[in-house]
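Enquirer: Mind looking over this structure? Questions follow.
Any read-out appearing in this document is the output of simple, stated calculations on the displayed coordinates, not a laboratory observation. Just so it is clear, the structure is predicted and the values come from calculations on it, not from any experiment. Note that each Cβ is placed from the backbone with ideal geometry, even for glycine, and that neighbours are counted across all protein chains shown.
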Amino acid sequence: MAERSPEMARPSFPRTFREFQDWFSTEEACRRFLIESRWPEGFSCPRCGCSRGYGITRGSLLECRGCSYQVSATAGTVMHRTRTPLRDWFCAAYLVTTHTPGFSALQLQRQLGLKRYETAWVMLHKLRRAMIRPERDRIAAPVEVDEAYVGGREEGRKGGRHGDGTKAIVVAAVEIRGRASGRIRLAMLEDVSAASLVGFIKSAVEPGSQVFTDGWQGYSPLRKEGYDHRPKTQGPGKNASSHLPRVHRVFSNLKNWLKGTHHGVSRKHLPHYLNEYVFRFNRRRTPMAAFQSLLGLTGQHEPTTYKMLYAPESTG
Ligand SMILES: [Zn+2]
């Protein structure tokens with residue numbers, strides 16, 4: 001969603017960890033960034049509405065110069081009410097944003113020199129919450145759609161369109177932008193029936209869009225549903241990746257990521273990993289948006305509570 005907020009301040013992003021550390025070398029620098037991200041037009045008091053500015057009372061508490069109302073700069077962000085320094089949060093969010101292969105709590109603990117493993121674990125889970133929240137707006141323009149079996153013992157693809165129980169069916173939609181890919185959507189499906197496939201496309205792709213698929217009959221109701229469906233039957237000797245190249249690139253990277261970093265992921269946790277993959281992929285050219293979104297600086301996130309963190313669906 002962050003990519004859709006033109007009103008947000010979008011400064012350029014540090015290119016190296018060294019540069020990052022220079023930018024955010026003090027609590028004061030982090031606090032300034034926090035305030036500028038949350039009030040890109042300048043601070044205005046939520047109570048009296050004046051924009052005469054603020055004073056810092058202590059920590060991240062701002063005090064309105066007009067009416068003395070106190071506002072916490074961290075309210076609504078992942079950093080609210082934590083005793084962990086802002087610098088540590090910023091570092092953690094940077095590492096999570098830039099480390100394309102997932103990042104473990106142990107690595108985070110070492111990188112930040114934290115005393116307790118639990119601190120790193122909670123930070124990581126709070127930061128990941130923004131990533132594992134599914135993106136709800138629909139992608140548009142011409143898209144490629146295909147499905148593949150992911151996970152399990154071996155990486156087969158479409159073994160006669162039925163699973164062997166250990167693999168999960170994942171469907172992907174990828175925007176075609178010239179020769180490159182735009183945004184993507186992924187979902188885990190129960191089967192490759194028309195109901196499942198078309199249901200996914202209706203939730204992920206704007207109606208009226210051109211949709212390129214292979215010749216599988218599960219896609220045939222698309223035209224009736226208002227899509228400009230372009231099925232392509234696979235000719236003999238023709239490689240599947242040649243007519244849907246973008247979506248196959250996404251699958252192959254996804255599989256490598258799941259295999260390489262997590263040594264396989266159970267079906268139960270797969271949807272979260274898919275959402276995390278989508279989050280990173282769709283912000284691969286806007287790392288600052290990803291960074292701000294992880295910290296909860298987009299103003300759309302409810303603060304994460306301990307209860308939410310330990311809810312069964314948020315494990316991963
Ligand atoms: Zn005020």
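Enquirer: Which whole-Hz couplings ³J(HN,Hα) result when phi for each residue of region 126-137 is put into the Karplus expression 6.51 cos²θ - 1.76 cosθ + 1.60, θ = phi - 60°, listed in order with x for Gly and Pro?
Expert: 5, 5, 6, 4, 5, 7, 8, 7, x, 7, 9, 6
Enquirer: A follow-up question, please. Work out from phi, with θ = phi - 60° and the Karplus expression 6.51 cos²θ - 1.76 cosθ + 1.60, the ³J(HN,Hα) of each residue of region 269-284, listed in order in whole Hz, and give x for Gly and Pro.
Expert: These are the phi-based 3J(HN,Hα) values: 8, 3, x, 5, 5, 4, 5, 5, 4, 4, 4, 5, 4, 6, 10, 5 Hz.
Enquirer: Okay, next question. Would you please put 184-190, 34-40 in order of how densely packed they are, using the mean number of other Cβ atoms within 10 angstrom per residue and starting with the highest? If you can, show how the numbers build up before the last one.
Expert: Numbers: 184-190: 20.1, 34-40: 18.1.
For the peptides 184-190, 34-40, the packing ranking is 184-190, 34-40.
Enquirer: Still on this structure: Pop a pseudo-label 7 angstrom from the Cα along the beta-carbon direction at both residue 193 and residue 269 and give the gap in nm to one decimal.
Expert: 3.0 nm
Enquirer: Mind checking the full-extension length gain between residue 286 and residue 18? Use 0.36 nm per residue of separation minus the Cα-Cα distance, one decimal, nm. If you can, show how the numbers build up before the last one.
Expert: Details: separation 268, 0.36 × 268 = 96.48 nm, distance 1.91 nm.
Net length gain for the segment: 94.6 nm.
Enquirer: Compare the peptides 20-33, 83-96 by average per-residue count of other Cβ atoms within 10 angstrom and give them in order, highest first. Intermediate values should be presented prior to the final figure.
Expert: On the way: 20-33: 15.3, 83-96: 19.6.
Ranking, from highest mean packing down: 83-96, 20-33.
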